[in-house]
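Contents: one structure, followed by commentary.
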Amino acid sequence: MRPPKLVCISHLLACLSLVFTSNLCAETVLEGFPPIYENWETISTADGLPNDHIFWVEVDDVRKDRVWLGTDDGLASYQWKDGTVEVFTPADGLGHQAVMSVAVDPVTGDVWAATFGGLSLISGGKVAKNFTQVNSGLANDVVFAVIVEGRDVWAATIAGTSRYNIESGEWKIYSSLNMPTDENWCYNLSSGGGKVFIAAWGGGIIEYEVEKDHFRHYIDPDGEFEIELFPNDGLVHNITTSPSYESGLLWATTYFGLSVYDFRRWNSYFDHDSGLASNFINFGRARPGTHEGWICTDKGLSVLNHDSNTWVTYTTTEDHGGKGLIRLHEGATKLHEHEINQGIAHRFVLSVDFFGDEIWVGTAQGLSHGTLTPTKPAREEAQ
Amino acid sequence: MKGRSKTVRVLVSTSVLIVMTLAFASYGENPDGSKHEHFQPEDTLYKSPIHLALTRDGGLLFVVCHNTDSVQMVNPLTREVLGEITVGRRPYGIALSPNDRRAYVSNSWDDTVSVIDIETFEVVDTITAGADPHGLILDRTGENLYVTNLYSSTLSIISTETGETIKLLKTGVKPLEVALSPDGRHIYVSNLLTAEVGFREPPESEVTIIDTEMQIVVDRRRLPGTNISQGIAVSPDGELVFVALEIPKNLIPETQIYQGWMVTYGIAVLEARPGGRVAFLLLDEMDLYYADPFGLVFSPDGRQIFVTSSGVDTVSVLDMDEVKRILKIEDGRITLPDETISLYARHLGLSSEYVDARIPTQFNPKGLVASPDGARVYVANRLSDSVTIIDTKNQAVVGEIDLGGPQVTTTVRRGEYLFNHAVISFQRQLSCITCHPENNVDGLLYDIAVDGGLGGNLVDNRTLRGVAYTGPFKWSGKNPTLMRQEGPRAAQLFFRSHGFTGSDQHAVVAFIESTPLYPNRHQAPDGRLTPAQERGKRIFERSQTNDGKYIPIGNRCITCHPAPHHTGRQMNDVGTKAYFDTDGEFDTPQLTGIYMTSPYLHDGRCWSLEEIWTLYNPYDLHGVANDLTKQQLNELIEFLKTL
């Protein structure tokens, strides 16, 4: 790991002293730190969302006007320009009301929703099809995650990972029968660098090289231990909740800490030795083009600049509600903490995605939208 | 002399024998499942024009000749064929570039688009398209070509500059024709077959709407109760989209004649804006039907709509003002209440209000095009090898263009005519192709009342491609031959008339038996199977379960579905008898072309092959399959799709 880009710690402290007694100024960027978001708005059922349990957030990079939400009561899209909310439920043909993950096909703009009743395709503003284990080659109806990689749709299910070629219609299943793992419960997916990464619940991370049709398997070297016996020796735990690949780094989240792999060595991060808000990590996503990992935990959203080991955590002053709280760490050292009037909607964070320098965060109590500069909520402007 | 004479006789005899041997050798079965002996040399020479395109100045007419794999260039004023060039196999659609310098022709059997330089009238490029390209159109810039792919239910967006496919969008089921809005913002796609609907529910076809700027699907407009959507056009003011289609009555017994017996024919009128409403009007009259509407075009001023009824050799002319009056269309919005829309969709007494004229054409009118000044409409007569010229002001035929096909009518050609014409049917209600578009299936199940009583024995439609050697026919296996099927059976069950008799009966059977299987895109060109298909084949042929148990011969896939047609031509009970079936034994269907004949099982209860085994084979009566892993089932299906 490279040292922080900060000139020195005294320089940082000098910087921080300027803002220690008040909030960090707008567009705060501390050298070496991830950008700091002090402007948040919350979108909730009061704004038309079907449910405040936001399991998944996916920015629509094709339409560039909406964010798709997997919720406890269906799939929703929120158009940030005018606050329009569109909801798809089983009555519309959606596989199930519980939507665990969403992917937008970057080519066609079609939307895929992972539900507990199959894999749903939303196209042309309608649920065009729901693929299930009985009407298609899908491995199982309980689908936890979906991604689009090339012309393949990958779906993580409790009976393996399915791969559906959009153009040929062919289905393949990767399970313990043909993957280097005994675990079929696939929980999350990511792709990048010509590879697909599968987080298997209790099975570590499975890497699949698409071109070569070749697997690699990453597991916790110390087996069942819930602590790390030898620091940075590999994946911190086999119960993985998400992989995320970006710019040569593989981020692997677990319920027992965070692992980052640069394909030469592993680094482990825990709440006791870093700025990580909690070891209980629901999800993580690396910001495109960076070495920043946005880690969704049960106690807040932690952002790690892996190059400098600097952290910014967004949480709340209370378990339920309260003010926003921003915390800065360099390694394990807490450098700063301050309150803001409105922070993320809830500290139990489930998902995150990016649109330019804007952040969308799914929590257990609504959708949060973070910006670097203060902005009026878009829907208010529209009004 | 004697010796020479004997030698000559021997040589002649030998030659005759060789010729006869060769002739007999060529008789029989083609690899594509069709019969050789029906074909005559002229059968390959019929032009079978299907679509037309006219240059912006109206000076050149291009005719796609489906049967001769060619395109003709015609002077519409002198009615002279100026030239003919070969394109790919089974060409279908044609589109001209906005500057009239290029013509693009879809080659449905080659999965390509031929690019024709109009000035030199030469094919200058061949672009790879999707599977089974049909309708095509360019955007207003001419930079992007939109092509429907019937086989894969997709739409290709192709760069005309590079010839590369930019995107492949999912459409409805079997997309056929395309239309561009006048402002160039949207592409509208008609889809031949119904979307997947619930068991015993009415069909619903779809118009897929694409935003040309983002190049994504922005609407999937459902057309309730409809099927076989073909011609599509946008009104010149851009406010409405018209689709030629069928409104089938497949779920009610065939004895029901009130409000349209088995099928009615009409148009859908869509508000063009995404999310807009849809209404329907029939072309039919109370006791006379206008079967198999295909092509549809607006006059340039938008006042008239011309629709070909290919089954009755007619072009209907609709008055746009009357259509708007009846549907209460104001500013592009249909203001009729839903109830009235539903009523009009099956109203046989309305057409005289908006149909201005019925203009007779030659045989089997298909695509049509209006001249830029609106004075003429040209109609491709597929089974006459001609183009009819209509004077739009007088609403009358003013001439024909002979495209130069054979002057004789072969048996197969006669059969094709009969197959495509509704004249044999009571009140001209339907032709064979009504339910067998492109000689395949229409995706519907039917209540053939006489076969099972009212509401009983619903049966799925079956393909006619490659059926020559797959008898007996019908799910009940009642027809040992197609002769019987097309004679008294068709008369009694479908046409409610005398049916085909004598030489006509022979001809229509000859045509059906000469219908080949279409190219199968699941088969590699070299015939090799992929590893997954190979594993599926082993499952198809296996004699042991995964745990080594013996599978009785009668419970193996290959026993009842042996090569070459993958039917044992026997009746079998595979445990699929439903409560409304009188018998549990059904004809074993051929598996050749199974990839394209959804839905499946005798009553069409399965939209996918998977469902046959995941839902309807609990006791392994339809082959031992319950030991298969899901991946093995996927591989079995990958193999089945290659047949």
Karplus-derived 3J(HN,Hα) from phi for the range B:164-177 (6.51 cos²θ - 1.76 cosθ + 1.60, θ = phi - 60°), whole Hz, x at Gly and Pro, runs 8, 7, 7, 8, 10, 9, 6, 9, x, 8, 6, x, 10, 10
Per DSSP, the loop-located GluC sites (Glu not before Pro) within the range A:239-329 having at most 13 other beta carbons within 10 Å are A:318
Residue B:287 and residue A:84 label points (each 7 Å along its Cα→Cβ direction) are spaced in nm at 5.2
Filtering trypsin sites (Lys or Arg not before Pro) in the range A:43-84 by DSSP loop and by at most 15 other Cβ atoms within 10 Å leaves A:64, A:81
Neighbours of residue A:158 by Cβ distance under 13 Å: Lys/Arg at +1, Asp/Glu at -1, summed charge -1
Per the charge dipole of chain B (beta-carbon charges, Lys/Arg positive, Asp/Glu negative, Cα centre), the residue among B:411, B:377, B:60 reaching farthest to the positive end is B:411
Rounded to one decimal in Å, the inverse mean reciprocal Cα-Cα distance for chain B, i.e. its Kirkwood radius, is 25.8
Amide H proximity to residue B:314 below 5 Å, modelled H, separation 5+ or other chain, gives B:309, B:361
Relative contact order as a percentage, chain B, C-alpha pairs under 8 Å and 6+ apart, gives 9
Interchain or sequence-distant (5+) residues whose placed amide H lies within less than 5 Å of the amide H of residue B:265 are B:247, B:283, B:284, B:290
One finds the C-alpha centres of the range B:77-98 and the range A:41-83 to be spaced, in Å, by 51
Sorted on mean Cβ neighbours within 10 Å (highest first), peptides B:164-170, B:526-532 come out as B:164-170, B:526-532
Inter-part gap, Cα centre of the range B:475-549 to Cα centre of the range B:399-414, in whole angstrom, is 29
Farthest towards the positive end of the dipole of chain A, among A:122, A:288, A:51 and with Cβ unit charges of +1 on Lys and Arg and -1 on Asp and Glu, lies the Cα of A:288
Along the range B:112-128, Karplus-curve 3J(HN,Hα) (6.51, -1.76, 1.60; θ = phi - 60°) to the nearest Hz, with x for Gly and Pro, reads 9, 10, 7, 9, 10, 7, 5, 5, 8, 6, 10, 7, 9, 6, 10, 9, 6
A correct Karplus calculation of ³J(HN,Hα) over the range A:43-52, with 6.51 cos²θ - 1.76 cosθ + 1.60, θ = phi - 60°, whole Hz and x for Gly and Pro, returns 10, 9, 4, 5, 9, x, 5, x, 6, 8
Computed, not fitted: 222 nm per-residue ellipticity of the protein assembly as shown from DSSP H runs ≥ 4 (each -39500 (n - 2.57)), nearest 500, equal to -3000 deg cm²/dmol
If B:328, A:172 are placed from fewest to most neighbouring beta carbons inside 10 Å, the sequence is B:328, A:172
Taking R0 as 30 Å and r as the Cβ-Cβ distance between residue B:585 and residue B:36, the FRET efficiency 1/(1 + (r/R0)^6), rounded to the nearest 0.05, comes to 0.35
Hydrodynamic calc, chain A: Kirkwood Rh from Cα pairs, then Stokes-Einstein at 37 °C with viscosity 0.692 mPa s, so D in µm² s⁻¹ is 157
Taking every C-alpha to C-alpha distance in the protein assembly as shown and binning by 10 Å from 0, the per-bin percentages run 2, 10, 18, 20, 18, 14, 9, 6, 2, 1, 0, 0, 0
Largest fluctuation, A:337, A:211, A:149 only, Gaussian network model of chain A with Cα springs under 10 angstrom, belongs to A:211
Neighbour-count ranking for B:596, B:214 (other C-beta within 10 angstrom, fewest to most) reads B:214, B:596
The range B:66-99 scanned against label point 7 Å out from residue B:56 along Cα→C-beta; backbone N under 17 Å for B:95-99
Checked the range B:531-640 with the C-alpha gyration tensor, a ≥ b ≥ c its square-rooted eigenvalues, rounded below a/c of 1.5, otherwise prolate if a/b is larger than b/c and oblate if not; verdict rounded
Computed from the beta carbon distance with a Förster radius of 22 Å, FRET efficiency for residue A:182 and residue A:230 to the nearest 0.05 stands at 0.40
Residue ranges of DSSP H helices in chain B that stretch 18 Å or more (Cα, own long axis) and have mean Kyte-Doolittle hydropathy of at least 0.0 are B:2-26
In the neighbourhood of residue A:132 defined by beta carbon distances under 15 Å, the net charge of the other residues (Lys, Arg +1; Asp, Glu -1) is -2
Which of A:172/B:549; A:64/B:324; A:172/B:577; B:35/B:474; B:167/B:537 exceed 28 Å between C-alpha atoms? The answer is A:64/B:324; A:172/B:577; B:167/B:537
Computed for the protein assembly as shown: size of charge dipole around the Cα centre, +1 on C-beta of each Lys and Arg, -1 on C-beta of each Asp and Glu, debye to nearest 20, value 3200
Note: residue B:343 to residue B:423 extended length (0.36 nm per residue) minus current alpha-carbon separation gives 26.1 nm
Expected sort for A:131-138, B:473-480 on mean C-beta neighbours within 10 Å, highest first, is A:131-138, B:473-480
Ranked on Cβ counts within 10 Å of their own Cβ, fewest leading, A:89, B:614 go A:89, B:614
Here the whole-number average of other chain Cβ atoms within 10 Å per Cβ of B:213-225 is 3
Any lysines whose Cα falls less than 27 Å from that of residue B:328, other than same-chain ones fewer than 8 residues away, would be B:249, B:393
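Where a number appears in this text, it was derived from the coordinates with a stated rule and is not lab data. In this text, all values refer to a predicted model and were calculated from it rather than measured experimentally. Glycine also receives a Cβ, built like all others from the backbone with ideal geometry; neighbour counts cover every protein chain displayed.
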